[in-house]
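Peer 1: Here it is, the structure, as structure tokens.
All of the numbers you see were taken from the coordinates with simple rules; none came from a lab. It should be emphasised that the depicted structure is a prediction, and the values quoted were computed from it without experimental measurement. Note that each Cβ is placed from the backbone with ideal geometry, even for glycine, and that neighbours are counted across all protein chains shown.
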Amino acid sequence: MIGRGPLRRSHVLAVSVLTAGLVWAGFLTYPSPAYAGNAAVTSSVAHTVIFTAQGSTTEQPTNATTVGAFLREHAISIGANDYVSPSLDTPLSDRMSIEYRPAVSVAIVAGKRRNTVISSAPNVAALLQSQNVRLGKYDSVTPALDAPVPPDGIVRINHFLTWQRVEHRTIAVPTIRRVNVALQPGVSKILSKGQVGMIDVLVAFTQAQSGSVKARVIGSRTVRKARPRIVDVGAADAMQMVATAYTPYCAGCSGITATGRPAGHGIVAVDPRVIPLGTRLYIPGYGYAIAGDTGGAIVGYRIDLGYTSYRDAMQFGRRAVTVYRLK
């Protein structure tokens, strides 16, 4: 037992000898570094790195000194086609980013051609670029170009053949029929035969590998305008009637006529005992019409002209008209 007595030289020598023995045995290494020959032995320094693999990013603490050692620490064996960034011999530093993508087997299929490759490309677009595969304007790829490369899967390319052609097309002759009260009922007279129009149409065709062809118009140019065919027709008979006007939105109106047609311009209400429903009519100042509706107040030689616009109906008001019944 050591008390508080005076420190003797024998005590100092004993402690010195003990300390020297511990140092020589290698047991005392802190706080000063120990030396083996002339080489200093230092303890490893831990880092935290940002590791991205299999589409996920995590923070990983490590005692490794290089990128390669870090991957070995995580039991990752690097294949010849795997992607590693930065390189394996890069020394680690704190917060360093490391990305690893293992290469996978994937088949690139285009029609009857199939090419199986090993690739660590980040997406389908990079895979095709690495294999020098060029896509046409209308080609399609499954999965999409920005999708990850499917492991042990298939990237399918649908190549399309395209071409363009100018087609000469005709424009049908429109027919304009006019009521001519001087003609007998059922008689018609051609005033102008009209002329067929011509148009040049630029069409783009796309043919899939299956053989199906799709066409779409990408431009047109009128070569000759069509001229209408003008025909005068005689009316079966003419009737003097009192005309009023209505719209689909009048009070009590449903918007649908007695014959099931939508109300509006060209549909007139009549007394079916005077003008049968479905009869084609012509009213000067109004135009062609079909007797397609009835009304409680439309009795005898009364006619109610359908208008889409309330303003137009109010402007027409009530007036006497000549109604021509057509064949």
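Peer 1: With a cut-off of 8 Å between alpha carbons and a minimum separation of six or more residues, what is the relative contact order of the chain in percent? Don't skip to the end; give the middle numbers.
Peer 2: Details: 638 pairs, mean separation 35.6, N = 327.
Computed over the chain, the figure is 11 percent.
Peer 1: With +1 assigned to the C-beta of every Lys and Arg and -1 to the C-beta of every Asp and Glu, and no other charges, what is the dipole magnitude of segment 104-159 about the Cα centre in debye, to the nearest 20? Before the final figure, lay out the partial values.
Peer 2: Values: 6 positive and 3 negative charges, 59 e Å.
Approximately 280 debye in magnitude.
Peer 1: Rounded, prolate or oblate, given the Cα gyration tensor of segment 94-198, with a/c below 1.5 counting as rounded?
Peer 2: Details: a/c = 5.60, a/b = 4.08, b/c = 1.37.
Here segment 94-198 falls in the prolate category.
Peer 1: Normalise the Debye intensity by I(0) for segment 47-101, one equal point scatterer per Cα, no solvent, then take log10 at q = 0.13, 0.14, 0.21, 0.28 Å⁻¹ and round to two decimals.
Peer 2: The Debye formula, applied to the Cα set alone, gives -0.25, -0.29, -0.69, -1.29.
Peer 1: While we're here: Please arrange Leu191, Leu326 by how many other C-beta atoms lie within 10 Å of their C-beta, fewest to most.
Peer 2: Values: Leu191 13, Leu326 18.
Ordered by Cβ neighbours within 10 Å, fewest first: Leu191, Leu326.
Peer 1: Right, another one. Counting only pairs 8 or more residues apart or on different chains, how many lysine pairs in the chain have their Cα atoms under 30 Å apart?
Peer 2: Counting lysine pairs in the chain gives 8.
Peer 1: Additional query: Among Ala313, Ala204, Ala125, pick out the residue whose Cα is farthest towards the positive end of the charge dipole of the chain, where Lys and Arg carry +1 and Asp and Glu carry -1 on C-beta, about the Cα centre.
Peer 2: So the residue furthest toward the plus end is Ala313.
Peer 1: Bins of 5 Å, beginning at zero and ending with the bin holding the largest distance: percent of Cα pairs per bin for segment 154-220, please.
Peer 2: 3, 12, 13, 12, 9, 9, 8, 7, 7, 6, 5, 4, 2, 1, 1, 0
Peer 1: Does a label point 7 Å from the Cα of Arg177, set along Cα-to-beta-carbon, have any residues of segment 226-249 with amide nitrogen under 12 Å, and which are they?
Peer 2: Answer for segment 226-249: 231-236.
Peer 1: Let me ask you something else. Return the calculated 222 nm mean residue ellipticity for the chain, to the nearest 500 deg cm²/dmol, obtained by summing -39500 (n - 2.57) across DSSP H runs with n ≥ 4 and dividing by the residue count. Kindly include the intermediate steps, with their values, before the conclusion.
Peer 2: Values: 4 runs with 38 residues, N = 327.
About -3500 deg cm²/dmol.
Peer 1: Can you tell me the 0 to 90 degree angle between the C-alpha axis of helix 9-25 and the longest principal axis of the chain, rounded to 10?
Peer 2: 50 degrees
Peer 1: Given H placed 1.01 Å from N in the peptide plane, which residues other than close sequence neighbours of Val155 have an amide H under 5 Å from its amide H?
Peer 2: Under 5 Å from the amide H of Val155 lie the amide H atoms of Ala107, Ile108, Val109, each far enough along the sequence or on another chain.
Peer 1: Magnitude of the Cβ-charge dipole of the chain, K/R +1 and D/E -1, about the Cα centre, nearest 20 debye? Numbers along the way, then the final one.
Peer 2: Numbers: 34 positive and 17 negative charges, 379 e Å.
Here the chain has a charge dipole of around 1820 debye.
Peer 1: Using a/c under 1.5 as the rounded threshold, could you call segment 240-327 rounded, prolate or oblate? The axes a ≥ b ≥ c are square roots of the C-alpha gyration tensor eigenvalues, and prolate needs a/b larger than b/c, oblate otherwise.
Peer 2: On the way: a/c = 1.43, a/b = 1.15, b/c = 1.24.
Because its axes are fairly even, with a/c under 1.5, segment 240-327 counts as rounded.
Peer 1: For segment 104-159, what D do you get in µm² per second when you plug the Kirkwood radius from alpha-carbon pairs into Stokes-Einstein at 25 °C and 0.890 mPa s? Don't skip to the answer; put the middle values down first.
Peer 2: On the way: Rh = 11.0 Å.
Translational diffusion coefficient: 223 µm²/s.
Peer 1: Convex hull over the Cα atoms of the chain, averaged projected area in nm²?
Peer 2: On the way: hull surface 177.0 nm².
Averaged projected hull area, Cα only: 44.2 nm².
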